[in-house]
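These notes concern the structure reproduced below.
The values are calculated or read from the model by the stated rules, or taken from the named source; none is laboratory data. No experiment lies behind these values; they were computed from the predicted model shown. Using ideal geometry, Cβ is built from the backbone for each residue, glycine included, and neighbour counts are taken over all protein chains shown.
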Amino acid sequence: MSEISTGSTPGELLEIAVRVARDAAATARRMRDEAIGDVQTKSTDTDVVTAADKAVERQVADALLPQRPGDGLLGEEYGDAVQVAPGAVRWILDPIDGTVNYLYGLPQYAVSLAAEVDGTVVAGVVVNAATGDEWTATRGGGAWRAGRRLTGSTRTTLDQALVATGFGYDARRREHQGAVLARLITRVRDIRRLGAAALDLCFAAEGTLDAYFEKGLNLWDHAAGGLIAEEAGLVVSGLSGAPAGDQMLVAAPPALFGALHDALVELDAAGGV
Ligand code: IPD
């Protein structure tokens, strides 16, 4: 892809994102090793934020913004601190995606960092802070893990598909999500709930999962992972032609997308609160 008006190519933005995300992941892991301190709750009693979420977000802001005047940062814990001008970069950060896994020491929590220009994500990286595994993509440049280009699952039928999903933190939303799942699980190979949307998307991108869907995601959960899945050749979309967003995100290889999409429409997966 050619240079964008920020003066940086997607490849250059990715280089910055990878450097910053690796350092952020090291901080998250170190804080986990030292002790989990200061656990607070957000939207509900089960929606937690740790001192590490906040420290990682601060570290990323300090690493990115002073060296790139004009850029903005949309972060899960601090919100959108800066409005960006047309053509400038908005960085989209989930400092620790999979915070509940982090709290319990399950090795599936990640730093997710994307660069968006004029509403389009052009570069993204997801680093599993527990393992160091790393997935990257630039728009038009493919999705990669450890030097290997990702192409998604080759599965073609829904009944053979391993499908991941996630649940919101609101009990009323979960009631509907559980009801949808109770019916979907009879039509697929099996269901996985790993607890970190960014990693679900990366696993779908590399074919470790066949597909993934979730209602209620925030932009920081799926900005980087969504680009990685798309660049691996998956269809990443909402239902009935809607763009992927908080109503629904489905990520599946083209051969599986239609069947999963239609099942989700039939089961009213985007419904409920
Ligand atoms: C959550 C995780 C989880 C998903 C939730 C997200 P957080 O993000 O990605 O897998 O099911 O919808 O909110 O709170 O750990 O950053």
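Points to keep in mind about this one:
- Boolean, LEU201 is within 16 Å of the ligand (Cβ to nearest atom), outside any helix (DSSP H, G or I) and of a type in the set (A, V, I, L, M): no
- Contacts under 8 angstrom Cβ, first residue in the range 78-101 being on the phi > 0 side of the Ramachandran plot and modelled with pLDDT under 95, partner of a type in the set (D, E, K, R) and not in a strand (DSSP E or B), 6 or more apart: GLY87/ASP118
- The listed residue being crowded, with 23+ Cβ neighbours inside 10 Å, of a type in the set (A, V, I, L, M, F, W, C) and within 16 Å of the ligand (Cβ to nearest atom), out of PHE167, PHE213: PHE213
- Members of the range 246-263 that are under 19 Å from the mean Cα position of the chain (by Cα) and buried (at least 17 other Cβ atoms within 10 Å of the Cβ): MET248, LEU249, VAL250, ALA251, ALA252, PRO253, PHE257
- Selected residue [part of a helix (DSSP H, G or I), touching a Ser or Thr at 6+ places or on another chain (Cβ under 7 Å) and closer than 29 Å to GLU77 by Cα] from ALA229, ALA224: ALA224
- On inspection, GLY140 qualifies as in contact (Cβ under 8 Å) with a residue 60 or more places away in the chain, closer than 29 Å to GLY72 by Cβ, surrounded by fewer than 18 Cβ atoms within 10 Å (Cβ to Cβ) and of a type outside the set (Asp, Glu).
- Only a single criterion out of (1) more than 10 Å from the ligand (Cβ to nearest atom); (2) of a type in the set (A, V, I, L, M); (3) in contact with a helix residue (DSSP H, G or I) (Cβ under 8 Å, 6 or more places away or on another chain) is not satisfied by ALA179, namely (3).
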